[in-house]
Amino acid sequence: MVPKATVTGPGRQRVAAASGDATPAAVEPSTVWAEYLAAARQLDGVRRSAAAAAGEQARSAEAAREELTVVRTGLASQQERLRELGVPAISLMPSPPEVTEASRSMAGGPAAVLAALRAARGRAEAADAALAARRRFRPGSWPARPRNLLVYGPLALLVPLIQVVVYAATGVGPASVAALICGLPMPAVAFVAGWVGVGRLFRVSPVERLDRTVRFGALVCLVPAVLVTAGLLLALLAG
C-alpha cells in the first residue's frame with residue numbers, strides 16, 4: 001500500500017482551495033480594535049444625545065412649573081377684577097372644546113407645555129393692559145380724593161352759586177339777605193349728600209372699605225361757602 005503524499009506550503013493551500021476545503025483567513029487584531037473603537041464612539045454619542053435630551057426636558061419641565069405658577073397667579077387676579085366688573089363666573093371658565101384644544105397643543109412634552117404657558121401668559125398680559133386702559137377712563141378706579149371730588153365739588157358749589165345769582169339779580173335787599181342766611185347750614189347738607197353719593201356711585205369689593213375722604217369732603221364743602229358768605233357780607237355792608 002502506497003502512502004498518500006503530504007502536501008505542504010502554498011501547494012497545500014492551492015489544493016485546499018481547489019477541493020473547497022478553504023478555512024477563513026485570520027482577522028488582524030488592529031482591525032478588531034478599530035471596529036471596537038468605532039462602536040464605542042457611536043455608543044458614547046448616543047449616550048450623550050440621550051443625556052442632553054433628558055437634561056433639556058428636565059429644564060423645560062422646571063421652567064414650565066415656574067411659568068404655571070406665574071400664569072395661575074395672574075389669572076386669579078384677573079378673574080377677580082372681571083367679576084368686579086360684572087362678568088358672569090361661567091364666562092370665566094374654559095369650555096370643553098377649549099380644554100380639548102389646549103390638551104392637544106401640549107401633547108408634545110415639556111417643551112410644548114412651556115410654549116403653551118408662555119403664549120397664555122402673553123394673552124393674559126395683553127388682557128391686563130386692555131383692562132388698565134379702560135380703568136383709566138373710569139372714575140371708580142381713580143385715587144380716592146380726585147374720585148370723591150366729582151361728588152363733593154358740584155354739591156359744594158351749588159348753594160354759593162345760587163347766592164351769587166340772587167345777589168346779582170336783586171342787589172342789596174331782603175332776597176340777598178335771605179339767600180345768605182339760608183346758605184349758612186348748606187355746607188353741612190352738601191357734605192352729607194356727598195357722603196351718601198360717594199357710597200352710591202362708587203363700588204368696591206366686599207373685602208375692601210370705601211374711602212369717603214371725610215375730612216377732604218368737609219373741607220371741599222366748607223371753603224366755597226365761607227368765601228361766598230364773606231364776599232356777600234362785605235357787599236351787603238358796603239351797600
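Miscellaneous remarks
- By the Kirkwood approach, averaging reciprocal distances over each pair of separate Cα atoms, region 55-135 gets a hydrodynamic radius of 13.9 Å.
- Intensity falloff of region 182-231 expressed as log10 I(q)/I(0), Debye formula with alpha-carbon point scatterers, at q = 0.20, 0.24 Å⁻¹: -0.69, -0.87
- 10 Å beta-carbon shell around D211, net charge (K/R +1, D/E -1): +3
- Taking only the C-alpha atoms of region 139-238, Rg followed by Dmax gives 16.1, 56 Å.
- Pair A107, D44: separation of 7 Å Cα→Cβ label points (nm): 4.0 nm
- Cβ crowding within 10 Å averaged over residues, with 73-83, 110-120 ranked highest first: 110-120, 73-83
- Neighbour net charge for V113 - beta-carbon separation under 11 angstrom, K R +1, D E -1: +1
- FRET efficiency, L75 to V189 (Cβ-Cβ, R0 45 Å, nearest 0.05): 0.45
- Counted charge near L68, where neighbours are those whose Cβ lies closer than 13 Å (Asp, Glu -1; Lys, Arg +1): +1
- In sequence order, calculated HN-Hα J values of region 93-105 (Karplus, 6.51, -1.76, 1.60; Hz; x Gly/Pro): 9, x, 7, x, x, 5, 5, 4, 5, 5, 5, 5, 6
Just so you know, all these numbers are worked out from the coordinates, no wet-lab data involved. In this text the structure is predicted, and so the values were computed from the model without any measurement. Note: ideal-geometry Cβ built from the backbone for every residue, glycine included; neighbour counts use all protein chains shown.
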